[in-house]
Amino acid sequence: PARATLIDGKAFSQTLVTRVAEAAARLEKAHGLKPGLAVVIVGEDPASQLYVRNKGETTLKAGMRSDTHRLPDTTTQDELLALIAQLNADKGIHGILVQLPLPRHIDSTAVLDAISPDKDVDGFHVVNAGRLAVGLPGLVPCTPLGCLMLLKDQLGDLSGLNAVIVGRSNIVGKPMAQLLIGESCTVTVAHSRTRDLPALCRTADILVAAVGRPEMIKGDWIKPGATVIDVGINRVPSRDPVKAAEGKTRVVGDVAFDEAVEVAGRITPVPGGVGPMTIACLLANTYTAACRAAGVEPED
Ligand code: NDP
């Protein structure tokens, strides 16, 4: 059998950023409103610092306003809530993102729920989770939104397909399930208590892996020809033992790619699959939020 087609999330995300930038420019021209994204980071975690820098740079590249608020580790919850209140009231800001994880003395749920749902471009607010669940327009979490875009681009109409999602987190698995129900897939959500996961996975026309366990899903768990979306980002030691001993790492997904690529019809590589879609969808959500603030229908 032929090897699977690789789903190029990097290329797709670049096209999406360009499209969002063009739509944002038209919005600014027609309505005098430039979409603005505020990113808040508390503390010095190097990985978070890198994510925040990438988000800021991509936002500016898309011709949008980008504000980054860097707060010290010692920031109190009340100080952070005061900043959120100020951003909620700021008419030039349409999207607010608080980079996670927050320091342990701050209650993340209280902070995320303080963000105005209409500016919640991460889509983590309970109001947006509720809107998604009942099929109302809201803001959808970026990673599953990106997965859905890739699936529709690859497969067109998804209706009637069997989708298995491995993982039930609030940021990936659950919203992914809601989105695929919305596309009329038959959806099964698996997790750590699922019985005979390999057999369940083999029923999937669409298999979404969002587990956080390196290469857990094997080639023989995949139905021949299935579409595999690998959300996992796991750091493992380098293949080269000398480099591994020096502490060098590489990134792998939740799917054993080398086996899966021989069985699947289409598959996202890691890196270069789902990962790059997340920032692109953040900009798409910021644009959507800006349109709604202006009372304008967002372009597709
Ligand atoms: P969580 O840790 O929040 O959730 C993991 C889920 O996997 C849980 O529902 C858990 O089940 C389930 N699980 C764990 N072990 C098993 C197992 N052995 N068999 C079946 N199910 C299992 O992770 P996230 O959803 O936040 O992230 C998942 C992965 O996606 C991670 O690798 C993360 O790095 C990556 N990620 C990538 C993003 C991107 O591309 N930009 C964005 C977000 C995440 P239970 O509920 O029973 O514990």
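Quick notes
- Members of region 113-146 found to be part of a helix (DSSP H, G or I), out of contact with any helix residue (DSSP H, G or I) (no Cβ under 6 Å at 6 or more places or on another chain) and within 16 Å of the ligand (Cβ to nearest atom), listed by number: ALA129
- Residue in region 62-81 that is within 26 Å of VAL127 (Cβ to Cβ), surrounded by fewer than 19 Cβ atoms within 10 Å (Cβ to Cβ) and free of Cβ contacts under 8 Å to residues at least 12 places away in the same chain present: yes
- Any chance THR186 is touching a helix residue (DSSP H, G or I) at 6+ places or on another chain (Cβ under 7 Å), hydroxyl-bearing (Ser, Thr, Tyr) and without any contact (Cβ under 8 Å) to a residue 40 or more places away in the chain: no
- Residue in region 90-108 that is out of contact with any Gly (no Cβ under 7 Å at 6 or more places or on another chain), within 16 Å of the ligand (Cβ to nearest atom) and among the charged types (D, E, K, R) present: no
- Single condition VAL187 does not satisfy, out of (1) surrounded by 14 or more Cβ atoms within 10 Å (Cβ to Cβ); (2) assigned to a helix (DSSP H, G or I); (3) more than 13 Å from the ligand (Cβ to nearest atom): (2)
- Look at region 1-30: where a residue is closer than 17 Å to LEU145 by Cβ and a partner is part of a strand (DSSP E or B), sitting 6+ places away or on another chain with Cβ atoms under 9 Å, you get ILE7/THR227; ILE7/VAL228; ILE7/ILE229; ILE7/ARG266; ILE7/ILE267.
- So LYS152, is it loosely packed, with under 15 Cβ neighbours inside 10 Å, more than 16 Å from the ligand (Cβ to nearest atom) and not small (Gly, Ala, Ser): yes
- Residue satisfying condition, being β-branched (Val, Ile, Thr), surrounded by fewer than 16 Cβ atoms within 10 Å (Cβ to Cβ) and away from the ligand (no atom under 15 Å from the Cβ), within set ILE206, ILE181: ILE181
- Filter result for ASP240 (within 16 Å of the ligand (Cβ to nearest atom), out of contact with any helix residue (DSSP H, G or I) (no Cβ under 6 Å at 6 or more places or on another chain) and without any contact (Cβ under 8 Å) to a residue 24 or more places away in the chain): no
- Test: LYS34 is closer than 16 Å to ALA289 by Cβ, in a loop (DSSP other than H, G, I, E, B) and touching a strand residue (DSSP E or B) at 6+ places or on another chain (Cβ under 9 Å): yes
- Selection status of LEU158, among the aliphatic types (A, V, I, L, M), outside any strand (DSSP E or B) and modelled with pLDDT of 95 or more: yes
- Unique match (being on the phi < 0 side of the Ramachandran plot, free of Cβ contacts under 8 Å to residues at least 12 places away in the same chain and within 10 Å of the ligand (Cβ to nearest atom)) among SER169, SER192: SER192
- Among the residues making up region 1-58, a single one is crowded, with 19+ Cβ neighbours inside 10 Å and among the basic types (Lys, Arg): LYS55.
The values are calculated or read from the model by the stated rules, or taken from the named source; none is laboratory data. All values reported here derive from a predicted model rather than from experimental measurement. Cβ: placed from backbone, ideal geometry, glycine included. Neighbour counts: every protein chain shown.
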